[in-house]
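For reference, the structure is listed below as structure tokens.
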Amino acid sequence: MSVYCGIACRRKSFWCYRLLSTYVTKTRYLFELKEDDDACKQAQQTGAFYLFHSLAPLLQTSAHRYLAPRHSLLELKGLLGKFGQDAQRIEDSVLIGCSEQHEAWFALDLGELERDWHFPVSCSRYKAQALLHWHHTHQFCSRSGQPTKKNMAGSKRVCPSNNIIYYPQVAPVVITLVSDGTRCLLVRQSSFPKGMYSALAGFCDIGESLEETVRREVAEEVGLEVESLQYSASQHWPFPNSSLMIACHATVKPGQTEIHVNLRELEAAAWFSHDEVATALRRKGPYTEQQNETFPFWLPPKLAIAHQLIKEWVEKQTRSSLPA
Ligand SMILES: NC(=O)c1ccc[n+]([C@@H]2O[C@H](COP(=O)([O-])OP(=O)(O)OC[C@H]3O[C@@H](n4cnc5c(N)ncnc54)[C@H](O)[C@@H]3O)[C@@H](O)[C@H]2O)c1
Ligand SMILES: [Mg+2]
């Protein structure tokens, strides 16, 4: 069992910890690296670097699996020389986490960051790509027009002319699975891959609570009124810019189930039965093979919170239909 204790003291500007859990010490260590450029630079000496090129992770195959190779600072300097790049590029790296033994992990993009997104294969990759992308798109101060300077860890950028601090932005988005009690509402945008339906999503407007966003988005996109709302889970989503997806289940007012699709936002929306959705969840294989008469729609992949939300609804419906 972990022992939690609030004893932490500052010694020579470094945190020292006693009787704190591994998770807490790790979190405090990362906090220190974000706040203290010297400590972060020091951590690079013993840290590991993961490389990207225009947001595509550098991977190598090992026993039929793709792995992201780790590079020490020394190896990285050698690689930069090989690619004809200056060792100064190391200053562009961003802190993406650390091990339980406090080995700091950094991500560095050696390309121009002009290409499209590549699907990440792990959570730290999500963070690395989102952070690298944010730095690339926030190089200048929106007040002075001067170049901004990132701190060592990459947790912020500062304008040297007016000291305005820019922090990586995350836009809150609600994703709602609307149900009428027996069916759930799935929607598709014209930008979705052919045949894919998902839960209804929308960005929070400034000044709105999550409840207000859900109510507005459901009314805006499908012309229905939400009666009750239940929070499910959340997920960071890096495409195309960082969003925090907040997933909820909602029910509509009884007897008010007629959909009025807003065609400026959606291509289609429809009610689906438990059996239809449960069958779609069980389907496997490449999506292109799935689009035919007997396979009218498919659902987002497991890594998307929409999938988890839909699965949760199916499981809840299955449980409630079982005899007590
Ligand atoms: N992870 C998942 O399971 C999952 C599922 C569905 C959608 N999503 C994500 O949710 C996001 C929002 O969904 P949506 O497209 O239906 O939203 P939406 O219904 O709010 O419509 C998008 C429109 O909202 C406007 N908008 C308002 N604030 C914005 C902001 N901060 N950034 C960008 N556009 C903004 C723009 O005009 C944009 O075209 C998308 O980025 C999508 O990738 C994720
Ligand atoms: Mg939407």
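Read-outs throughout are calculated quantities, based only on the coordinates presented, and are distinct from any laboratory measurement. What you see is a predicted model; the values in this text were computed from it and never measured. Cβ placement follows ideal geometry from the backbone for every residue including glycine, while neighbour counts extend to all protein chains displayed.
Worth pointing out:
- Taking Cβ atoms as reference points and 10 Å as the exclusive limit, the residues near VAL158 contribute a net charge of +4, counting Lys and Arg as +1 and Asp and Glu as -1.
- Share, in percent, of DSSP beta bridges within the chain that are antiparallel, nearest 5: 75 percent
- GNM on the chain, alpha-carbon springs under 10 angstrom: the most fluctuating residue among ASN151, ASN262, ASN241 is ASN262.
- Rh (Kirkwood; distinct C-alpha pairs) - segment 121-259, Å: 17.3 Å
- In whole percents, the pair-distance distribution calculated for segment 36-194 from its alpha-carbon pairs, binned every 5 Å from zero, is 2, 8, 14, 17, 18, 14, 9, 7, 5, 4, 2, 1, 0.
- The phi torsions of segment 211-225, fed into the Karplus equation with coefficients 6.51, -1.76 and 1.60 and a -60° offset, translate into couplings of 4, 5, 5, 4, 4, 5, 4, 5, 5, 4, 8, 10, x, 10, 10 Hz, rounded to whole numbers, with Gly and Pro shown as x.
- Rounded to the nearest angstrom and listed largest first, the equivalent-ellipsoid semi-axes of the chain from its Cα gyration tensor are 42, 23, 22.
- Net charge over other residues, Cβ less than 14 angstrom from the Cβ of GLU103 (K, R count +1; D, E count -1): +1
- Choice from LEU110, LEU281, LEU20 with maximal GNM fluctuation in the chain (Cα, 10 Å cutoff): LEU20
- Rounded, prolate or oblate (a/c below 1.5 giving rounded, otherwise prolate when a/b exceeds b/c) for segment 194-324 by Cα gyration tensor: rounded
- Amide H contacts under 5 Å for PHE140: THR148, restricted to partners 5 or more places along the chain or on a different chain, H placed in the peptide plane at 1.01 Å from N.
- Most fluctuating residue given options HIS133, HIS53, HIS249, as computed from a GNM of the chain linking Cα atoms under 10 Å: HIS53
- Nearest-ten-degree value, helix 37-46 long axis tilted from longest Cα axis of the chain: 90 degrees
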